[in-house]
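> Here it is: the structure, laid out below.
The values are calculated or read from the model by the stated rules, or taken from the named source; none is laboratory data. Please read all numbers here as calculations on a predicted model, not as lab measurements. FYI the Cβ positions are ideal-geometry reconstructions off the backbone, even for glycines, and counts take in every protein chain you see.
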Amino acid sequence: MELFFKRLIQRKEQLSRLENQVLEYMMEHPTDVVDSTLDELSKKIYASTATISRTCKALGYSGYQELRIVLTQYVLKKPAQSNVAISVDPPLNSTSQRVMREVSGTLEQLAHFDLNQALTLIQNSRNIEFIGVGASYTNCVEAARKLTFAGRPSNAREDWDELRAVAQAMTPEDLAVVVSYSGETLHIMEYTTILSNNQVPILAITGDNHNTLAQRATLNCPVTIETRYLDNLDLSSRVPLSLGLEYIVHAYIIENHSL
């Protein structure tokens with residue numbers, strides 16, 4: 001649920017004051033939204049149906065019905081959790097328990113991941129670009145470094161303009177490994193739009209299978225991450241992203257080298 005709302009919040013600046021009020025109600029009362037028709041919600045929050053529909057479209061959906069369907073999947077998938085979770089437990093115990101849950105969940109997802117397809121994408125590519133911004137960038141640097149030292153030169157770039165230029169220059173013979181926790185980061189959306197238009201294969205590492213990046217990817221590797229915020233400070237772990245990359249990169253190196 002937290003990841004779903006994080007993706008919506010990233011579009012918050014694009015909304016008008018009234019549209020932000022609609023979004024805030026949806027975040028505070030997700031079950032109420034799921035159980036309401038457009039007309040019913042309009043009466044509850046004293047906003048026109050046009051405003052609600054416009055808000056949904058600004059958030060990336062075709063309209064209220066599509067957002068309601070997607071939100072229903074999240075409400076049914078797991079119980080709502082606090083978006084801000086600063087535990088009263090001792091920090092070490094709290095952190096270790098959270099990381100253990102994330103690693104366990106990620107390993108379970110990796111067991112169902114099509115590793116052979118991922119290795120084929122790497123093997124058949126001419127150039128490999130690891131693309132990640134913010135906290136995901138460091139994961140990309142380490143993965144690209146390991147592949148490069150294993151004889152498979154790869155790049156990870158930090159400059160946003162350079163990433164845009166690289167995406168524009170890539171071809172269907174290349175491979176973009178795109179790492180994004182939310183799968184909705186604005187720069188990542190820009191780069192993957194360019195990559196998709198150029199028919200560049202995309203191997204994605206994301207927080208779930210239901211974000212825009214996952215839908216655009218040739219192959220998506222979902223990992224388990226528990227959202228943690230302190231006000232606007234993102235305290236969510238990137239360990240699962242690193243684990244997903246390690247699994248793929250190490251498998252490729254082992255398959256192509258005698259260790």
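> Scanning the range 33-91 for residues that are in a helix (DSSP H, G or I) and modelled with pLDDT under 70, which turns out farthest from Thr224 (Cα to Cα)? Quick ask: steps written out before the conclusion?
In the first step, residues of the range 33-91 are kept if they are in a helix (DSSP H, G or I); the result is 33-34, 38-45, 49-58, 64-77, 91.
Next, only the ones that are modelled with pLDDT under 70 stay: 76-77, 91.
Details: Leu76: 17, Lys77: 14, Pro91: 20 Å.
By that ranking, first place goes to Pro91.
> Going by the conditions given, is Ala135 assigned by TED's automatic domain parsing to the domain that holds Ser236, in contact (Cβ under 8 Å) with a residue 60 or more places away in the chain and surrounded by fewer than 16 Cβ atoms within 10 Å (Cβ to Cβ)? Outline the logic, then answer.
Working: assigned by TED's automatic domain parsing to the domain that holds Ser236: yes; in contact (Cβ under 8 Å) with a residue 60 or more places away in the chain: yes; surrounded by fewer than 16 Cβ atoms within 10 Å (Cβ to Cβ): yes.
Yes.
Every residue, every condition in (1) over 26 Å from Gln10 (Cα atoms); (2) in contact with a Ser or Thr (Cβ under 9 Å, 6 or more places away or on another chain); (3) surrounded by fewer than 18 Cβ atoms within 10 Å (Cβ to Cβ), yes or no:
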position: Val99; (1), (2), (3): no, yes, yes
position: Phe130; (1), (2), (3): no, yes, no
position: Trp160; (1), (2), (3): no, no, yes
position: Val166; (1), (2), (3): no, no, no
position: Glu173; (1), (2), (3): yes, yes, yes
position: Val178; (1), (2), (3): no, yes, no
position: Ile188; (1), (2), (3): no, yes, no
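> Could you check the range 146-232 for strands (runs of 3 or more DSSP E) lying wholly inside it with 1 or more residues that are closer than 16 Å to Ile131 by Cβ and touching a Cys at 6+ places or on another chain (Cβ under 8 Å)?
Details: elements: 154-156, 175-180, 202-206, 219-222.
Counting at least 1 such residues, we get 154-156, 175-180, 202-206.
> Among the residues of the range 193-233, what is the count of those that are closer than 26 Å to Thr72 by Cβ, in contact with a strand residue (DSSP E or B) (Cβ under 9 Å, 6 or more places away or on another chain) and at pLDDT 90 or above?
Looking only at that region, the number is 10.
> Any residue in the range 139-159 that is under 13 Å from Val177 (Cα atoms) sitting within a Cβ distance under 7 Å of a residue that is surrounded by 14 or more Cβ atoms within 10 Å (Cβ to Cβ) and charged (D, E, K, R)? List the pairs, counting only those 6 or more apart or interchain.
Close Cβ pairs (under 7 Å, with a partner that is surrounded by 14 or more Cβ atoms within 10 Å (Cβ to Cβ) and charged (D, E, K, R)) amount to Asn139/Arg238; Asn155/Glu129.
> Could I ask something else about it? Could we say that Gln21 is in the same structural domain as Gly134 (by TED's automatic domain parsing), modelled with pLDDT of 75 or more and over 22 Å from the mean Cα position of the chain (by Cα) here?
When the stated conditions are applied, Gln21 does not pass them.
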